[in-house]
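J.: So that we are looking at the same thing, I have put the structure below in structure tokens.
Read the figures in this text as sums done on the coordinates, not as results from a lab. None of these values were measured; they are calculated from a predicted model. Using ideal geometry, Cβ is built from the backbone for each residue, glycine included, and neighbour counts are taken over all protein chains shown.
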Amino acid sequence: MTKFKPTTQTIAMTRRNFLGATAAGAAGLALGFPKPAIAQGAPLKVGLMLPFSGTYAKLGQFIENGFSLYVEQKSGMLGGRKVEFIRLDDESKPETATDNMNRLVSRDKADVVIGTVHSGVAMAMVKVARDTGVPLIIPNAGADEATGPLCAQNIFRTSFSNWQPAHPMGKVVHDDGHRNVVTITWRYTAGQQMVGAFTEGFEAAGGTVVDALTVPFPEVEFQALITRIATLKPDAVFAFFAGGGAVKFVTDYAAAGLKGKIPLYGTGFLTDGTLKAQGDAATGIRTTLHYADDLDIPANKSFLSAFQVKTGEAGDIYAVQGFDAAALLEAGLAATGGDASAREALFGAMAGARIDSPRGPLSFSAAHNPIQNIYLREVRDGRNALVSVAGEAVQDPARGCRMA
Ligand code: BEZ
């Protein structure tokens, strides 16, 4: 039998937040919001299953900070209920994901689970969510199946499907004049699906993928593959790496002398939340993503400044996705007076939510995946600067989803 490791941690809101929150809740009831059919004063238990260690640790941390920023801005409450977090480090390990998710749902009695970053871990979480009916909001992992063949009423995503940011890049690379491309990625769901979607878009535009290179996740020994790219001399390279692996790949690519010779493209994870560590090695890299640092809209400006004040760091896509996960949950709870067990009303309100996100307008498809703009960005002066809108209100095809 698998033994659970003692990795969960319960965090209640601070007293200051709690007092503010109580006042806000009382005001809400006075305004006539529905009264929760739940024990008086019972906190809303939010399970946060994220990587807090390993190559995706920073991504998990930023998602958590984005989520808690939203909750703090609502005086520590969602839907009129004090929020209590149960944190669990999933270590980006699919092999322990089912036990970890079961633990949050069955032992810790989480009212809702937020998670995770890694597509393989998310697949296990999705299966438990389908079996138990627990509300699940995915704040990053792009596994196409979650809003494809495994879609369900209780499963939502505030990030992207792996297809979404990768497919538009095919046309971008072709429009930039490149015809022969090498792809490179970690060999697991996210990388394989993003490379697949890029290839679909690139071939439809008339391009050819001359080699598809892979390395096991989370290995960062890239030297042999970079040497192969130098030998093949393609017009360009398309890459998926993220977090610590993206820092290593981009710096190794430049150190091997390929920067400026063979243009590097990718989904935005290659340069999001990584630019400080990548330095000049990242300059000029073009990526597609549902966010750009300099989006000139009020929701982005106020988000970035609040995030900077809270954490002392520049916000990124992971923080945005966490922030929007809290906004989506609140949209549902507002319709049920904070009752997460009133599932039909909760999911109905979440499905119909329209969020004024830092990324731009955000709504949800019938499969519960974001409908959102995909932006072409280029690294300039240490920022992912907006170049153009590569796709407006892009919808995942939701292949195999019975709700779509
Ligand atoms: C994924 O595994 O789905 C993923 C991880 C990091 C960034 C983007 C996608």
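J.: Over the chain, calculate the relative contact order: mean separation of alpha carbon pairs under 8 Å at least 6 apart, over the residue count, as a percent. Before the final figure, lay out each step's value.
T.: Values: 900 pairs, mean separation 73.8, N = 404.
Reported relative contact order: 18 percent.
J.: Once the mean 1/r over all distinct Cα pairs of segment 109-257 is inverted, what Kirkwood radius in angstroms do you read off? Numbers along the way, then the final one.
T.: Details: mean 1/r = 0.0608 Å⁻¹.
Every distinct Cα pair counted, the radius reaches 16.5 Å.
J.: Given H placed 1.01 Å from N in the peptide plane, which residues other than close sequence neighbours of L44 have an amide H under 5 Å from its amide H?
T.: K82, V83, E84
J.: For the chain, state what percent of all Cα-Cα pairs lands in each successive 20 Å bin, counting from 0 Å until the bin that includes the largest distance.
T.: Pairs per bin, as whole percents: 29, 57, 14, 0.
J.: Another question, then. What angle do you read, to the nearest 10 degrees and between 0 and 90, between the alpha-carbon axis of helix 15-30 and the longest principal axis of the chain?
T.: Taking the Cα atoms of the chain, the angle to 15-30 is about 70 degrees.
J.: Can you list the HN-Hα couplings for segment 156-162, worked out from phi with the Karplus curve (6.51, -1.76, 1.60; θ = phi - 60°), rounded to whole Hz and with x for Gly and Pro?
T.: Couplings: 10, 9, 10, 10, 5, 8, 4 Hz.
J.: Let me ask another. Between segment 357-387 and segment 293-335, how far is it from one alpha carbon centroid to the other, in angstrom?
T.: Going from one Cα centre to the other spans 13 Å.
J.: If you line up the long axis of helix 57-73 against the longest principal axis of the chain, both from Cα atoms, how many degrees apart are they, to the nearest 10?
T.: 40 degrees
J.: Next question, about the same structure. Taking segment 29-171 as the region of interest, what is the percent of Cα-Cα pairs per 10 angstrom bin, listed from the shortest bin to the one with the maximum distance?
T.: Reading upward from the zero bin: 11, 40, 33, 13, 3, 0.
J.: Right, something else. Starting at the first residue of segment 332-344, write each ³J(HN,Hα) from the Karplus equation 6.51 cos²θ - 1.76 cosθ + 1.60 with θ = phi - 60°, in whole Hz, x for Gly and Pro.
T.: Result, rounded to whole Hz: x, 5, 4, 7, 10, x, x, 8, 6, 8, 7, 5, 4.
J.: Take the chain, mark every one of the trypsin sites (Lys or Arg not before Pro) that falls in a DSSP loop and has at most 16 other Cβ within 10 Å, then report the longest stretch left between them, sites excluded. It would help to have the intermediate numbers written out before the result.
T.: Details: sites that count: K3, K109, R179, R187, K261, R354, R399, R402.
Looking at the chain, 4-108 is the longest stretch - no exposed trypsin sites (Lys or Arg not before Pro) with at most 16 other Cβ atoms within 10 Å.
J.: To test your reading of the geometry: what angle, between 0 and 90 degrees and rounded to tens, separates the Cα axis of helix 298-311 from the longest principal axis of the chain?
T.: 80 degrees
J.: Now for a different question. Could you give me the ³J(HN,Hα) list for segment 213-218, computed from phi with Karplus coefficients 6.51, -1.76, 1.60 and θ = phi - 60°, whole Hz, x at Gly and Pro?
T.: After applying 6.51 cos²θ - 1.76 cosθ + 1.60, I find 8, 9, 9, x, 6, x Hz.
J.: Also, I was wondering about something else. Could you tally the net charge around A385, taking each other residue with its Cβ under 13 Å from the Cβ of A385, Lys/Arg +1 and Asp/Glu -1?
T.: Around A385, the surrounding residues sum to -2.
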